[in-house]
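Below you'll find the structure, written out as structure tokens, and then a few comments.
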Amino acid sequence: MTTSNPSRRHVVLAYSGGLDTSIAIPWIGEHHDAEVTALSIDVGQEGELTGALDRARRNGARDARLVDAKAAFVREFLWPALQANALYEGVYPLSTALARPLIARTLASVALELGADTVAHGCTGKGNDQVRFDVAIHTLAPSLTIIAPVREWNMNRDDEIRYARDHHLEIRATVESPYSVDENLWGRSVEGGRLEDPNRPAPEEVFDWTGHPETWPKEAETLVVDFERGLPTRIDGRALDPVDLVREMNRRAGAHGVGRIDHVEDRVVGIKSRETYECPGAIALLEAHRSLESLVLPRDLLQFKAGVDRRFSDLVYEGLWFSPLREALGAFVVSTQEVVTGSVTLRLHQGSVRAVGRTSEYSLLAPELATFGAGSRFPQELAVGFIHLYGLPNQLAHARRTAARASTEAETPAAGALLNRP
Ligand code: ARG
């Protein structure tokens, strides 16, 4: 730790160890006359964070810290999203979007704890993440000033590398990938580079968690996920803590290539962009959860909840995690989950996951109900009356329209005939 200088501003930077946030350390010092504390937040991204912290110090950070937020990430963010079957535009499990409010909350609380009045993040001015960070920080800690160097500095990749060289910065040894990658327990987002042409199939090199298709087993594999109140607790009978359970699902489903997503997405800032995702564990757990709900929730609740789930997903995407509406919808979702208890059998094969079996003590698919009150004989005579009443509004509407049309048709030629009379 370099000794702090009380006359300079103190900025806490959300630091990933990548090129942008590495450069941000001296850049903030120069352009904002400030000292920087680099804060890495572990939300389950692969890659080594402690080496990144050492580099941050050597690159001029006053201090570098790591907060392990994995358990909070699963319990407070991923589990509510799973219970809400959260998918943006029907396909994206919101992995990046779900981590942002947690990172923002952690950043704000560390800044306040250290007496810093400013936070910084490495988002560009074109994406959703700046919206998510800024809205969350404005909401939770409105006294903090926000600096977003990448949004301000107008450097391209080459400028950045030159800046790093001129400032003798130590950057990650690995060759910087041409793609922008974001990772956490719920998935991996990859954009930019050759992915920018939406007509060009994603090259294999962008995938990491799902292996090459040639390595996907020829044989299908089944696995059983147990749920209690809408939350997964066991895989193949083995109890796992939430973080390990998500990791295990990523590993098992990823080995079969499950969870590759190629999506043209609508961003909050009004532009479309092509994103590639790998979310094997999320996609498998979402499939299992949705399938169990279909067994235990009644039809009207399933239909209503689908609308709530969709709105919940949009709010997460749009950076409104810390909003009264998201919280209220979340509370509704939780109130539906008591019966989402049981087991689902998933079949993993060649990039796909399907629920092929589900069982629950709350199952509403009850063969004995069909014979309720009538022994083994279904009361077919009641069905006849039911169908009459059920179809009555349509029958009436059809009859009225037919009659009205017939009378118009009957009169029109007559009126026409009158006018045409010489
Ligand atoms: N489009 C995704 C979202 O807004 C991911 C954004 C981050 N992606 C990235 N490749 N850095 O949630």
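So here's what we get for this one:
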item: Among the residues listed as 178, 213, the single one being over 28 Å from residue 74 (Cα atoms), loosely packed, with under 13 Cβ neighbours inside 10 Å and at pLDDT 95 or above; result: 213
item: Cross-chain or 6+ apart pairs with Cβ under 6 Å, the range 112-132 first and assigned to a loop (DSSP other than H, G, I, E, B), then within 11 Å of the ligand (Cβ to nearest atom) and of a type in the set (Gly, Ala, Ser); result: none
item: Condition check for residue 21: closer than 30 Å to residue 260 by Cβ, β-branched (Val, Ile, Thr) and touching a residue at least 60 places away in the same chain (Cβ under 8 Å); result: yes
item: Cβ-Cβ under 7 Å pairs, at least 6 apart or on other chains, the range 84-98 side closer than 12 Å to residue 279 by Cβ, far side more than 12 Å from the ligand (Cβ to nearest atom) and of a type in the set (Phe, Trp, Tyr); result: 86/312; 98/77
item: Test: residue in the range 175-196 that is without any contact (Cβ under 8 Å) to a residue 40 or more places away in the chain, among the basic types (Lys, Arg) and either farther than 16 Å from residue 14 by Cα or touching a His at 6+ places or on another chain (Cβ under 8 Å) (or both); result: yes
item: Some residue of the range 241-261 being surrounded by 14 or more Cβ atoms within 10 Å (Cβ to Cβ) and within 12 Å of the ligand (Cβ to nearest atom); result: yes
item: Filter result (more than 9 Å from the ligand (Cβ to nearest atom) and part of a helix (DSSP H, G or I)) within the range 80-98; result: 80, 81, 82, 83
item: Residue 120 within 16 Å of the ligand (Cβ to nearest atom) and surrounded by 20 or more Cβ atoms within 10 Å (Cβ to Cβ); result: no
item: Residues located in the range 123-149, provided they are away from the ligand (no atom under 12 Å from the Cβ) and closer than 20 Å to residue 96 by Cβ; result: 125, 134, 135, 136, 137, 138, 139, 140, 146, 148, 149
item: Which listed residue is among the hydrophobic types (A, V, I, L, M, F, W, C) and modelled with pLDDT under 95, from 382, 346; result: 382
item: Subset of the range 173-219 that is within 16 Å of the ligand (Cβ to nearest atom) and assigned to a helix (DSSP H, G or I) - its residue that is nearest to residue 280 (Cα to Cα); result: 206
item: Residue 56 among the aliphatic types (A, V, I, L, M), more than 30 Å from residue 308 (Cβ to Cβ) and modelled with pLDDT of 95 or more; result: yes
item: Positions within the range 282-296 being over 23 Å from the mean Cα position of the chain (by Cα) and surrounded by fewer than 24 Cβ atoms within 10 Å (Cβ to Cβ), in sequence order; result: 295
item: Selected residue (only one of 72, 61 is assigned to a helix (DSSP H, G or I) and either more than 14 Å from the ligand (Cβ to nearest atom) or buried (at least 23 other Cβ atoms within 10 Å of the Cβ) (or both)); result: 72
item: Residue in the range 150-169 that is over 24 Å from the mean Cα position of the chain (by Cα), away from the ligand (no atom under 16 Å from the Cβ), closer than 30 Å to residue 71 by Cα and of a type in the set (A, V, I, L, M, F, W, C) present; result: no
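The values are calculated or read from the model by the stated rules, or taken from the named source; none is laboratory data. From a predicted model like this one, the values you see are computed outputs, not experimental measurements. Neighbour counts are summed over all protein chains in view; Cβ atoms, including those assigned to glycine, are modelled from backbone coordinates with ideal geometry.
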